[in-house]
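This report concerns only the one structure given below.
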Amino acid sequence: MKRSVRARLVGTVGTVGIVGSALLLGAHDAAGFTHVVSQGETLAQIAIKVYGTPRFETAIAGANALDAHGGSAIVAGQPLEIPAPGHHRVQEGETWFGLSRLYLGDTRRAETLARANSAVAWVPPAPNQEIEIPAVVPHIAEEGDTMASVALRYLGDINKAWILDSYNFRKGEQKLLRGDVVLVPLLDLALTEEGKKEARAAAERTRSEGGGQAYEAQRRAESGIPPLLADVRAGRYVDAVAKGNRLLGSGELTKPQLAAIHRALLEAYVALEASGLAAGACTAWRANAEGEVKLDPRTTSPKIRAACALR
């Protein structure tokens, strides 16, 4: 790693989501959507509108990296990613372990996925059952943060730190260093009827709006990709993850733009020891790259090749 200050992801996952992504929180994101801030609107007001409680304003802040480096104010016209649970219709032969690998990035999160659906991991879900995929947001640790304080902030109870320990593959280590990223599964997050309506409207806009929105998103990507690549080259991996996932959530991008962003995220996730996220980024990079992607073992890091399932 290029910098001495430790900044690594605690565990692996993303929709995703959402840091997301997507913080790309797994191979598939939960069903998050974009909300455009109105004049005078606050995070608490948005949380009350879409979730029915101001408690989840922390989830919105985490999903948009607003807590990084002391936080950021929101302004009118700013797009925000709103974390929301997704859904999956179970197919014959699917298990909680396979579904957790697909949606949450690792089979070891099967218990979390099953618990979100009032089930246990060792009993497979029934075919045709619709299950809920919990939204997952990243928390970037500041000085003094502990797993207990993060649990209190996002889950409302310090005694739920064990949920974060399990999800992030920790063994009771409470202390966090500045720059550590803890992935937080929001098992009790649900949309209000107004929130569901806004989510449907956002999905419809994505399907129906013309080239204007895509044009603006692609212009933003063109100006945003060089700083992203600069962060990766300079070893600012946490910043690169935040930038990359903001770009991914900004709108419809071209395949070359998507390939460039996911390639940068691949390197950042590998450096941050987030193997699940790195594997997802590699899959997305290869899916959007023009032609066959080849990773020359003489010039490519073994860790990057491993993330792409190459030896």
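Quick notes on this one:
- Relative pair counts by distance (%), Cα atoms of segment 30-154, 5 Å bins: 2, 10, 17, 19, 15, 14, 11, 7, 3, 1
- Three-way shape label, segment 152-311, alpha-carbon gyration tensor, a/c 1.5: oblate
- Of the Cα atoms belonging to segment 269-311, the radius of gyration and Dmax stand at 10.0, 28 Å.
- Links that overshoot a 27 Å alpha carbon limit, given the list Lys160/Lys197; Lys255/Lys294; Lys197/Lys255; Lys171/Lys243: Lys160/Lys197; Lys197/Lys255; Lys171/Lys243
- Rg over Rh for segment 128-240 works out to 1.08, both radii taken from alpha-carbon positions and Rh defined as the Kirkwood radius.
- Over segment 47-115, the pair-distance histogram of Cα-Cα distances with 5 Å bins from zero comes to 3, 14, 17, 17, 14, 15, 11, 6, 2, 1 percent, rounded to whole numbers.
- Computed on segment 94-198, with alpha-carbon pairs under 8 angstrom and 6+ residues apart, the relative contact order is 25 percent.
- Accessible surface ranking that places the most exposed of Asp188, Asp180 first, with a 1.4 angstrom probe: Asp188, Asp180
- Extension gain for Leu177 to Asp157 (0.36 nm times residue separation, less C-alpha to C-alpha distance): 5.1 nm.
- Largest-first principal axis extents, alpha carbons of segment 133-189, Å: 30, 20, 19
- Estimated FRET transfer efficiency when R0 is 51 angstrom, pair Ser118-Gln218 (beta carbons, to 0.05): 0.75
- Chymotrypsin sites (Phe, Trp or Tyr not before Pro) lying in DSSP loop within segment 31-67, provided at most 15 other Cβ fall within 10 Å: none
- Ligands, DNA and RNA left out, the accessible area of segment 102-184 computed with a 1.4 Å probe is 54% carbon and sulfur.
- Column: log10 I(q)/I(0), Debye, Cα scatterers of segment 96-160, q = 0.12, 0.17, 0.29 Å⁻¹: -0.39, -0.69, -1.19
- The mean sequence distance of close C-alpha pairs (under 8 Å, at least 6 residues apart), as a share of the length of segment 35-106, puts its relative contact order at 34 percent.
- Rounded accessible area per residue of segment 156-310, 1.4 Å, Å²: 51
The values are calculated or read from the model by the stated rules, or taken from the named source; none is laboratory data. Just so we're clear, the structure is a prediction, and the values are computed from it rather than from any experiment. Reconstructed Cβ throughout: ideal geometry from the backbone, glycine too, with neighbour counts over all protein chains shown. Side chains included, ligands, DNA and RNA excluded: accessible areas come from the protein's heavy atoms. Shrake-Rupley method; radii C 1.70, N 1.55, O 1.52, S 1.80 Å.
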